[in-house]
Amino acid sequence: MKNWLALVFVAVATAGVAAQQPEDPPHPLRFIDTAFEHASPLWWEVDADGVVQIHLVYDQERSSPNRANGHWLFRVEAEPGAELTLELGPFANVWNRRPSGEIPEAKVSFLSDDGQVWRAVDVQPAAPHRLRIPVRMQGDSLYVARLEPYRISDLEKLKTEIGRYPLVEIAPIGRTVEQRELEMIRVGLPDAPHRLLIRARAHPWEPGGNWVVEGLVRRLLRDDESARRYLNQYCVYVMPIANKDGVARGRTRFNLRGMDLNRNWDRAADPDLAPENAALERWLDERIADGQRPDLMIDFHNDAGGRLHISRPELEPAALDAYLARMEHLEKMLREHTWFTEGSTQSTFRNPGSIGEGLLARYGIAAAVHELNANRIAGLDDYPTAANWRKYGEQLAEAFYRYFDKDVAVPGR
């Protein structure tokens with residue numbers, strides 16, 4: 001009996017001591033919210049050190065080991081004034097069947113208190129294949145993005161605004177895998193001496209091209225002496241968001257059937273797997289049949305280099321020389337009339353299946369892939385903000401005018 005009473009006494013005393021032990025303070029994080037437009041798919045947890053571990057979800061390419069993580073957009077809900085460490089990954093991407101290095105390419109991220117006004121911050125590598133973003137909560141929520149987002153709703157606002165101009169035509173050209181409408185926006189007169197085709201957002205994580213396009217379109221519609229001079233020289237056709245499904249779902253690279261929309265341009269697109277590319281091909285066939293072949297095509301992307309990719313497919317030497325002369329002239333005009341300084345790819349560069357090669361080889365259109373540096377704009381020594389990209393679009397209006405002003409042979413003409 002005495003032993004039993006002793007055990008009861010010890011148990012009660014121990015419980016009392018345990019009850020008096022201070023508890024760890026609750027973590028200031030309340031939630032990671034992705035229930036809004038263009039947010040990235042992810043799951044999250046808080047580790048033993050209090051670091052918020054955010055696990056992004058890869059895109060996978062069809063019939064390929066390629067996989068991609070590069071887009072993040074989410075909202076942190078936490079105690080005002082709290083200092084948090086966010087760790088993102090994994091970034092063990094596979095690109096053209098080659099695994100990426102352990103240090104992610106991203107050097108910056110963007111933060112916003114309201115989802116509208118953004119500020120750039122430097123990020124820290126957290127190898128392998130992860131990065132860290134320290135944040136301080138100004139209020140009870142904070143948006144975190146790879147780059148300043150450009151969403152389908154932003155495109156719809158732009159279309160509504162510019163649709164009232166007589167020099168603008170917005171026409172449907174097809175539908176995505178999930179049946180979202182694809183459009184072609186024309187700015188200028190179709191019988192202008194030259195035609196420029198621009199595509200943006202083949203890869204959903206890359207919004208830079210959309211901000212550039214917006215800057216260019218607004219500049220052309222300013223109705224001043226320079227704008228009238230530009231539109232007397234050329235009209236612009238824009239496919240503004242090629243991968244609408246991916247943008248809507250917060251994906252990184254591929255369409256919803258695992259197709260890279262900047263690949264397989266060396267042959268006709270499969271309308272079931274890549275209806276977005278098939279729509280653009282039909283549009284091109286119609287323009288060429290009407291005698292309105294584009295004279296120049298630019299496909300805008302984002303990467304960590306910011307160069308103009310000038311490919312060299314297997315063409316007759318005279319046609320290839322004419323194309324290279326055009327691209328040399330284009331680069332010269334970009335350097336003289338915009339903040340562009342990153343340069344172009346080397347003389348041996350080839351990227352078979354890319355839209356640059358495909359449009360040149362199949363359609364006789366001088367085409368190039370134009371990367372926009374997602375870490376730093378060299379010519380401005382500044383962050384890759386939406387304002388800087390819009391400024392580039394404005395400057396491109398003059399650069400394109402100068403490009404078309406020079407009598408240089410174009411292949412297939």
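Those helices (runs of 4 or more DSSP H) of the stretch 184-275 in which 2 or more residues are of a type outside the set (A, V, I, L, M, F, W, C) and more than 30 Å from residue 42 (Cα to Cα) occupy 208-220, 225-233. Of the residues making up the stretch 312-351, those that are in a loop (DSSP other than H, G, I, E, B) and within 21 Å of the chain's Cα centre (by Cα) are 338, 339, 340, 341, 342, 343, 345, 351.
Return yes when residue 269 is surrounded by fewer than 18 Cβ atoms within 10 Å (Cβ to Cβ) and either under 23 Å from the mean Cα position of the chain (by Cα) or not assigned by TED's automatic domain parsing to the domain that holds residue 373 (or both) and no when it is not. No: the conditions fail for residue 269.
Only one of the numbered conditions (1) out of contact with any strand residue (DSSP E or B) (no Cβ under 6 Å at 6 or more places or on another chain); (2) modelled with pLDDT of 95 or more; (3) in the same structural domain as residue 93 (by TED's automatic domain parsing) is not met by residue 135, and that is (1).
Per-residue answers, yes or no, for (1) assigned by TED's automatic domain parsing to the domain that holds residue 274; (2) crowded, with 24+ Cβ neighbours inside 10 Å; (3) over 24 Å from residue 292 (Cα atoms); (4) modelled with pLDDT under 95:
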{"position": "173", "(1), (2), (3), (4)": "yes, no, no, no"}
{"position": "180", "(1), (2), (3), (4)": "yes, no, yes, no"}
{"position": "194", "(1), (2), (3), (4)": "yes, no, no, no"}
{"position": "198", "(1), (2), (3), (4)": "yes, yes, no, no"}
{"position": "207", "(1), (2), (3), (4)": "yes, yes, yes, no"}
{"position": "211", "(1), (2), (3), (4)": "yes, yes, yes, no"}
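Name the single residue, out of those in the stretch 352-382 being hydrophobic (A, V, I, L, M, F, W, C) and surrounded by fewer than 16 Cβ atoms within 10 Å (Cβ to Cβ), that is nearest to the chain's Cα centre (by Cα).
As a first pass, look at the stretch 352-382 and keep what is hydrophobic (A, V, I, L, M, F, W, C): 355, 359-361, 365-369, 372, 374, 377-378, 380.
Those left that are additionally surrounded by fewer than 16 Cβ atoms within 10 Å (Cβ to Cβ): 378, 380.
Values: 378: 18, 380: 20 Å.
Filtering first and then ranking leaves 378.
Name the single residue that is surrounded by the fewest Cβ atoms within 10 Å (Cβ to Cβ) among those in the stretch 29-54 being among the β-branched types (Val, Ile, Thr) and within 21 Å of the chain's Cα centre (by Cα).
So the first thing to find is which residues in the stretch 29-54 are among the β-branched types (Val, Ile, Thr), and the list is 32, 34, 46, 51-52, 54.
Right, trim to within 21 Å of the chain's Cα centre (by Cα) and you get 34, 54.
On the way: 34: 17, 54: 21.
The qualifying residue surrounded by the fewest Cβ atoms within 10 Å (Cβ to Cβ) is 34.
Apart from one condition, residue 127 fits all of (1) of a type outside the set (Val, Ile, Thr); (2) modelled with pLDDT of 95 or more; (3) assigned to a loop (DSSP other than H, G, I, E, B); the exception is (2).
The values are calculated or read from the model by the stated rules, or taken from the named source; none is laboratory data. Only a predicted model underlies this, so the values are computations on that prediction, with no experimental measurement involved. In this analysis, Cβ positions are derived from the backbone assuming ideal geometry, glycine residues included, and neighbour counts consider all displayed protein chains.
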